[in-house]
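Heads up, the thing below is written out as structure tokens.
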Amino acid sequence: MQKELEEARLQVRKEAAIRMKEADAMLQKRQEEQERAFSQRENRVIARENELEQAEVRRAEQSEILDKRTNYIEKRAAEIDARASQLEKDISIYKERLQAVANISPQKAKEELLEEARRECEDEIRQYKNEILGKAEAELDKEAKKMLVACMQRLSSTPQQDATATIVAIPNEEMKGRIIGREGRNIKAFESATGTTLLIDETPDSVLVSSFDPVRREVARIALENLIKDGRIHPTSIEAAVNDADEQVKKSVVGFGEEALRRVRIQRVHPEIVQLLGKLRYRLSYNQNCLDHTVEVAQLCGLVAAELGLDTEIARRTGLFHDIGKSLDADYEGSHATAAANILKRLGEDETIVNAVAAHHDEVAPSSPYAAVLKIADAASAVRPGARAESMDSFIQRVRRLEDIARDIQGVNDAYAIQAGREIRVVVSPDKVDDAAARDLARRLRRRIEDELQYPGTIKITVIRECRYVEQAR
């Protein structure tokens, strides 16, 4: 037992000695790490002190340089002040001597100098002004064209395909004989009652109703379709069918007017205006349907107004109502623009809309930008390709008349209509017509064309005055 206790004590002492050694090694390791960290911190402090010493040296050098520059600037400023003072004295002496030699006052000399400078710079200033104004106008014109093209591309319009004829389908060839009737009495009665012409040829399963009056053509189409559907075709039934079709056409104008309002998204319109809009469905202007034209103008007005930041509803109402005067009868005096404006004013439309409608043919002065928007949209709708059909004979006569009007003015050598009659170029005699007279000639020609010609869209007038001087050196 004593031996075991002795061995246990010995074992405990060995373990304690080992632990002491491990503790001493760990303590030694920690002491070394702390010494290394302290050494690193000491090195960093020394480096920072060196940097601060170098920065102080640089600051002292820069301060010395700045002091030198300040002294130099002050010295130069004193020299400049001295020179300026001397120059003022010299200028005063020279002015006194110049006044004594020229025998004129300083004010008089100043005025003459300014006058001479003005004469020398007048031409350059005028040229510069023209360049600036021309550039501004060109930029505005470019932006306007870009805006208008962007608005027009958003519209989808169908060109006029058939302006004078309507095709009516028939069930079989036997129906053609029944329409003609014995000795042609049925077709004669039909043409007499409707004021149209029926073209019955070898075309299978169809009859052509021809007339330049769209109302009569529509009445004839409805009457003929009803007769074909009923099957009984004789002078008495023809007369009844034509009367029924005429009443049906009169009632349909309200539907056409309401449909136009829906297409343009306009509400709160007087019933009389709706009826006048519907009547435009049966009116043509250069074979362009007036109702389709007004709807297109209204849509284009709304798009342009949106681009310009204007009220789009006012713009659309202006475009839709601008041609309702064409559906009025002869009891209303004045042009269609003036008559339409009077109707709109009487029915309570906004004064801005009334003025724009009255001014879209330059008959009254515009009071708002909506008149200009309407004129642009009206012209764009009228001159687009396929909008207005025109026979070749009437086109040739209009072009010739346009050139004759221009040649009839004194001082004009020749005139040429180009761009399908949308532009005329006038050549004048330079020895008879100066620049001011040429400008006045263009205005007079514009007034004569507006007064004496009927034409779709606009006509551009260009007056050319050219002088050539030739010399030969020998």
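Here are a few things to note about the model shown:
- When peptides 29-35, 189-195 are sorted by average Cβ neighbour count within 10 Å, with the highest value leading, the order is 189-195, 29-35.
- Peptide packing for 168-181, 360-373 was compared via the average number of neighbouring C-beta atoms within 10 Å per residue; ordered from the highest value, the list is 360-373, 168-181.
- Electrostatic bookkeeping for PHE190 treats Lys and Arg as +1 and Asp and Glu as -1; over the other residues with beta carbon under 12 Å from its beta carbon, the sum is +3.
- Note on the range 165-253: Rg/Rh from Cα positions, Kirkwood definition for Rh, rounded to two decimals, is 0.93.
- Nonlocal amide H pairs with ASN413, under 5 Å, H built at 1.01 Å: VAL427, VAL428, SER429
- Once backbone amide H atoms are built at 1.01 Å from N, GLU423 has ILE418, LYS460 as its partners under 5 Å, excluding neighbours fewer than 5 places away on the same chain.
- Rg then Dmax, both in Å and based on the Cα atoms of the range 1-84: 36.3, 123.
- Within the range 398-474, antiparallel bridges make up roughly 55 percent of the DSSP beta bridges whose residues both belong there.
- Couplings for the range 427-440, taken from phi via the Karplus curve 6.51 cos²θ - 1.76 cosθ + 1.60 with θ = phi - 60°, read 9, 10, 7, x, 7, 9, 10, 8, 5, 5, 5, 5, 5, 5 Hz in order; Gly and Pro are left as x.
- Checking the cross-link pairs LYS250/LYS279; LYS75/LYS95; LYS188/LYS250; LYS176/LYS229; LYS326/LYS460 against a 20 Å limit on the alpha carbon distance flags LYS75/LYS95; LYS188/LYS250; LYS326/LYS460 as lying beyond it.
- Along each principal axis, Cα extent of the range 265-383, largest first, Å: 38, 29, 28
- Highest average packing first - 402-413, 299-310, Cβ atoms within 10 Å: 299-310, 402-413
Bear in mind these aren't lab numbers, they're just calculated from the coordinates by the rules spelled out. Treat the numbers as computed from the prediction; the structure is a model and nothing was measured. Quick reminder, even Gly has a Cβ in these numbers, built from the backbone with ideal geometry, and neighbours come from all protein chains shown.
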